[in-house]
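See below for the structure under consideration.
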Amino acid sequence: MNKIEKTLYIVRHGQTDLNKQGIVQGRGRDTDLNDEGRRQASQFYEAYKDVPFDKIYISELKRTQQSIQQFIDIGLPYEKLAGLDELAWGIHEGQPATPETKAAFLQLMRDWLDGKLDEKFEGGESPNEVKARQLEALDVIMSHPEEKTVLICMHGRALRLLMCILTNQPLTQMDSFPHQNLVLYKVIYDGSQFEIVEANNAKHLKNS
């Protein structure tokens, strides 16, 4: 049997107003791209429209679809997977940053770095819970050997966790994968393991 080989182009969605304001959205805030986000989406499309994508996978949140809508408009098939949704930040989603919430976030990040990966905010999700649904989404994506080149649009924290999964690193290493709005991680699967060949690539956003 032939090995399944795949190239994954994994991007974070474009900017939203909450991104601009430094407010966490998480899984529970289904926000739209702002003007800057739409501009980023167009820049990404212009740079990668000639890549022969076989399939697009996005989260169930509309900011991911809006980020790659131009690829959908030229007829590429796409599928929404809840497993690609952002980590849920629970009671802190959509709330302005205060000294108290900043302290709570810092403490949660410390807990995660310390390996306490079941910790979460009230009403939110832990890294381990996100990993479980990401593994399900990855099973779907990898179960189609005919899809050689795939575009995936997802979210910042979720992307960091997925990179840990793909590279067989503990989730405590999530912060070693930097990102900004609509950057690209290009990952090649050779049939046995994943390799990141481009990380945090923002070249397509620089020609503006």
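Observations
- Top positive-direction residue, dipole computed over the chain with Cβ charges, set LEU171, THR98, ALA47: ALA47
- Percent RCO, i.e. relative contact order, over region 1-118, from Cα pairs under 8 Å lying at least 6 residues apart: 29 percent
- Relative contact order for the chain: 33 percent, from Cα pairs under 8 Å spaced at least 6 residues apart, divided by residue count.
- The chain: angle of helix 156-166 to the longest principal axis, Cα-based, in degrees nearest 10: 60 degrees
- Take every pair of alpha-carbon atoms less than 8 Å apart whose residues are at least six positions apart; their mean separation over the length of region 52-125 yields a relative contact order of 32 percent.
- Degrees, to the nearest 10: 127-142 long Cα axis against longest axis of the chain: 10 degrees
- Taking the inverse of the mean reciprocal distance over all distinct Cα pairs, the Kirkwood hydrodynamic radius of region 1-49 comes to 13.0 Å.
- Nearest 10 degrees, 0 to 90: helix 35-48 Cα axis against the chain principal axis: 30 degrees
- Annotation: ILE91 carries an accessible surface of approximately 90 Å², with a 1.4 Å probe and no ligand, DNA or RNA atoms counted.
- Distance distribution note for region 30-174: the fraction of Cα pairs above 18 angstrom is 61%.
- Separation of the MET142 and GLU79 label points, Cα + 7 Å toward Cβ, nm: 1.5 nm
- Here the Kirkwood formula puts the hydrodynamic radius of region 121-173 at 12.2 Å, using every distinct Cα pair.
- Helical content alone sets the calculated 222 nm signal of the chain at -10500 deg cm²/dmol, taking -39,500 (n - 2.57) per DSSP H segment of four or more residues and averaging over every residue.
The values are calculated or read from the model by the stated rules, or taken from the named source; none is laboratory data. Not measured: the values here are computed from a predicted model. A quick note on method: Cβ atoms are made from the backbone with ideal geometry, for glycine too, and the neighbour counts reach across all protein chains shown. Side chains included, ligands, DNA and RNA excluded: accessible areas come from the protein's heavy atoms. Shrake-Rupley method; radii C 1.70, N 1.55, O 1.52, S 1.80 Å.
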